[in-house]
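Below you'll find the structure, written out as C-alpha cells, and then a few comments.
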Amino acid sequence: MKKIISVVGARPNFMKVAPLHKAFQKYKDSVQHLICHTGQHYDENMSRIFFEDLELPKPDFYLGIGSGSHAIQTAGIMIEFEKILLTENPDLVIVVGDVNSTIACTLTASKLHIKTAHVEAGLRSFDRDMPEEINRILTDQISDLLFITEQSGITNLKKEGITADKVFFVGNVMIDSLKTYLPKATKSNILKNLSLKPQNYVLMTMHRPSNVDSLEQLKDLVHLMNSLSDKRKLIFPIHPRTKKNLEDHSLLKSINQKVILSEPIGYLDFLSLLQQSELVITDSGGIQEETTYLGIQCITTRTTTERPITVEIGTNHLVGDSYRKAENTAMEILNGKKKTGKIPELWDGNSADRITKVIVDKL
Ligand code: UD1
C-alpha cells in the first residue's frame, strides 16, 4: 500500500485537491490518499464551506497555522508539516497552486527526501514582486513530478532547466471541479437571495496586495465600484484583506449603497454567480480560468498573468493595474464589445484521472 499526502492551505487549493481525492478512490486497494490542511485559511467561509460544497472529507491532519507574515506563515507550516512527515513517512506529497502552503510543504518534503508532485506547475507571470511567483519558481525547481495546465508551462519549465521526463501536460484540474459541480450550482438560490437577474450584473473580486494595499488604489477601486453600480447591479464578495484595508482607510462608507457587498462566498454559490454574470472584474488567478471555460467576459486588473492562454484564446481582458482602464474596458464590454473565447486544450474535466494514472505508474 502506497501512502500519499495532498496539501491544502488556502481557498484556491480546495477545488484542486477535491477531484484528485475522488480519482484516487479508484486505486484505494493500492493507494491511501490523505489530506493535510495547513490552516493558512481558517475562516468558515474561506475554508470549511469548501469542504462541504466539494464533498471533501475532514482533513486527516490540520496544522492550524493561520495568518502571519510570509516568513512566520511559511516557517510555521514547515515546522508542523515536518512532524507529520516524520510520523507518516508518505511515498509522495502532492501540492497544488502557488500559495505559501505550496512552497512550505514542498521544501519540507524534499529535505526529507520524500518525493513531491506539483499540480498546476510551470505557470509564470515573470513578476517576482508577486509572492506567488516566488512560490511557483521554487516549488517547480524541487518537485519530482510537474503537472501542467497549459502549453506555456512546458516552455517555461524547459527554460528553467527542468527535464522533460518530469513534466506532464494534463489540463486543468480546477475545471474538473467546475464541470462536476456546475449542475449542483445551478440549484443555488444566491441570485434570488441577492435580487439579481442572470446576465444582468457584474461580479467583482479583488484581494492582491498590489491591488488593494495603497490608499490611492483603494480610492480608485471605490470609484470603479460606484461608477459601475450606476450601470448594472454590482456584487462584490470582499476578501478579509480588502475589507480590512477599506476599513482602515475609512473608505467603506464611501461605497455607493447600490453596491452589494458580501462576505466571501462558498464554492457552489460563487460558481452560480460566475456562470450567470454579464461581466467579472478580478485580480484572482483561478477566476481568469473559470471565466474562460464558461465563456464569460473577464477583466483582470493586473499588468501580467501567469495564465496567458486565458488572454490568447479565452475571454480574459488583461487591462493593467489601473482601475480607470478597467472602467473603460468594462463600459465597452457592457456596451456589447465582447471577446469570443475557446476552451483550452485538455480542460475537459478529466485532468485528475490523468494525474492519478501518472502517479500510480510512477510510485
Ligand atoms: C492567499 C495566497 C494568494 C491567493 C489567496 C486566495 C499566498 C502568498 N497568497 O492570499 O495567492 O490568491 O490566498 O484568497 O499564499 N484572513 C482571514 N481569514 C482567513 C484567511 C486570511 O481573515 O481565513 C486575512 C488575514 O488578515 C490575513 C490576510 O487575510 O492576514 C491574508 O491571508 P493570507 O493567507 O496571508 O493570504 P491571502 O491574501 O488570502
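The values are calculated or read from the model by the stated rules, or taken from the named source; none is laboratory data. Not measured: the values here are computed from a predicted model. Neighbour counts run over all protein chains shown; Cβ positions are idealised from the backbone, glycine included.
Across the stretch 39-56, what is the total count of residues that are in contact (Cβ under 8 Å) with a residue 40 or more places away in the chain, surrounded by fewer than 18 Cβ atoms within 10 Å (Cβ to Cβ) and not in a helix (DSSP H, G or I)?
Matching residues across the stretch 39-56 total 1.
Please work out which residue is nearest to the ligand (Cβ to nearest atom), limiting yourself to the stretch 266-296 and to residues that are over 10 Å from residue 178 (Cα atoms) and in contact with an Asp or Glu (Cβ under 7 Å, 6 or more places away or on another chain).
Taking the candidates together, the pick is 285.
Condition first: crowded, with 16+ Cβ neighbours inside 10 Å and under 20 Å from the mean Cα position of the chain (by Cα). Now tell me which residues in the stretch 318-332 satisfy that. Reasoning before the result, please.
Looking only at the stretch 318-332, we keep the residues that are crowded, with 16+ Cβ neighbours inside 10 Å, and these are 318-319, 321, 323, 326-327, 329-330.
If the condition is that a residue be crowded, with 16+ Cβ neighbours inside 10 Å and under 20 Å from the mean Cα position of the chain (by Cα), then 318, 319, 321 are the ones that fit.
Do you know which residues across the stretch 301-329 are closer than 21 Å to residue 15 by Cα and within 14 Å of the ligand (Cβ to nearest atom)?
Listed by number, the residues that qualify are 305, 306, 307.
Please go through the stretch 82-107 and pick out each residue that is more than 15 Å from the ligand (Cβ to nearest atom) and over 18 Å from the mean Cα position of the chain (by Cα).
82, 83, 84, 85, 86, 87, 88, 89, 90, 91, 92, 93, listed by residue number.
Let me spell it out: the conditions are (1) outside any helix (DSSP H, G or I); (2) more than 26 Å from residue 74 (Cβ to Cβ), and residue 33 meets all of them except one. Which number is the exception?
Failing condition for residue 33: (2).
Mind counting the residues in the stretch 4-44 that are within 16 Å of the ligand (Cβ to nearest atom) and acidic (Asp, Glu)?
Matching residues across the stretch 4-44 total 2.
Out of the residues in the stretch 238-251 that are away from the ligand (no atom under 11 Å from the Cβ) and surrounded by 15 or more Cβ atoms within 10 Å (Cβ to Cβ), which is nearest to residue 204 (Cα to Cα)?
246
Residue 200: modelled with pLDDT of 95 or more and either of a type in the set (Phe, Trp, Tyr) or surrounded by 14 or more Cβ atoms within 10 Å (Cβ to Cβ) (or both), yes or no? Talk me through it step by step, then tell me what you get.
On the way: modelled with pLDDT of 95 or more: yes; either of a type in the set (Phe, Trp, Tyr) or surrounded by 14 or more Cβ atoms within 10 Å (Cβ to Cβ) (or both): no.
In short, no.
In this structure, is residue 299 in contact with a strand residue (DSSP E or B) (Cβ under 8 Å, 6 or more places away or on another chain), among the aliphatic types (A, V, I, L, M) and within 25 Å of residue 230 (Cβ to Cβ)?
yes
Under 7 Å between Cβ atoms, at least 6 apart or on separate chains: pull out the pairs that start in the stretch 58-81 with a residue that is closer than 24 Å to residue 3 by Cβ and assigned to a loop (DSSP other than H, G, I, E, B) and end on any residue that is small (Gly, Ala, Ser) and within 14 Å of the ligand (Cβ to nearest atom).
63/39; 64/39; 65/39; 65/76
Against the conditions (1) under 24 Å from residue 194 (Cα atoms); (2) touching a Lys or Arg at 6+ places or on another chain (Cβ under 9 Å), where does residue 285 fall short? Just the number, please.
In the conditions (1) under 24 Å from residue 194 (Cα atoms); (2) touching a Lys or Arg at 6+ places or on another chain (Cβ under 9 Å), residue 285 misses (1) alone.
Could you say which residue among 110, 125, 30, 67 is within 21 Å of residue 289 (Cβ to Cβ) and at pLDDT 95 or above?
125
Quick check, is residue 335 at pLDDT 95 or above, of a type in the set (S, T, N, Q) and surrounded by fewer than 21 Cβ atoms within 10 Å (Cβ to Cβ)? Spell out the reasoning first.
Working: at pLDDT 95 or above: yes; of a type in the set (S, T, N, Q): yes; surrounded by fewer than 21 Cβ atoms within 10 Å (Cβ to Cβ): yes.
Criteria met by residue 335.
Between residues in the stretch 6-19 that are among the aromatic types (Phe, Trp, Tyr) and residues that are more than 12 Å from the ligand (Cβ to nearest atom), which pairs lie under 9 Å by C-beta distance while being six or more apart or on different chains?
Here the result reads 14/51; 14/53; 14/54; 14/56; 14/177; 14/267, each pair linking the stretch 6-19 to a residue that is more than 12 Å from the ligand (Cβ to nearest atom).
Which residue is farthest from the ligand (Cβ to nearest atom), if the candidates are limited to the stretch 109-140 and must be of a type in the set (D, E, K, R) and part of a helix (DSSP H, G or I)? Write out each step before concluding.
Taking the stretch 109-140 and keeping what is of a type in the set (D, E, K, R), we get 111, 115, 120, 124, 127-129, 132-133, 136, 140.
Restricting the remaining residues to those that are part of a helix (DSSP H, G or I) gives 111, 132-133, 136, 140.
Values: 111: 20, 132: 5, 133: 10, 136: 10, 140: 16 Å.
Across the stretch 109-140, the extreme among qualifying residues is 111.
What helices (runs of 4 or more DSSP H), lying completely within the stretch 159-258, carry at least 3 residues that are without any contact (Cβ under 8 Å) to a residue 24 or more places away in the chain, among the charged types (D, E, K, R) and closer than 28 Å to residue 303 by Cα?
Numbers: elements: 173-185, 190-193, 209-212, 215-229, 240-248.
Those helices (runs of 4 or more DSSP H) span 240-248.
Name the residue, out of 143, 152, that is more than 16 Å from the ligand (Cβ to nearest atom), in contact (Cβ under 8 Å) with a residue 60 or more places away in the chain and either hydroxyl-bearing (Ser, Thr, Tyr) or over 19 Å from residue 361 (Cα atoms) (or both).
Result: 152 is the single residue among 143, 152 that is more than 16 Å from the ligand (Cβ to nearest atom), in contact (Cβ under 8 Å) with a residue 60 or more places away in the chain and either hydroxyl-bearing (Ser, Thr, Tyr) or over 19 Å from residue 361 (Cα atoms) (or both).
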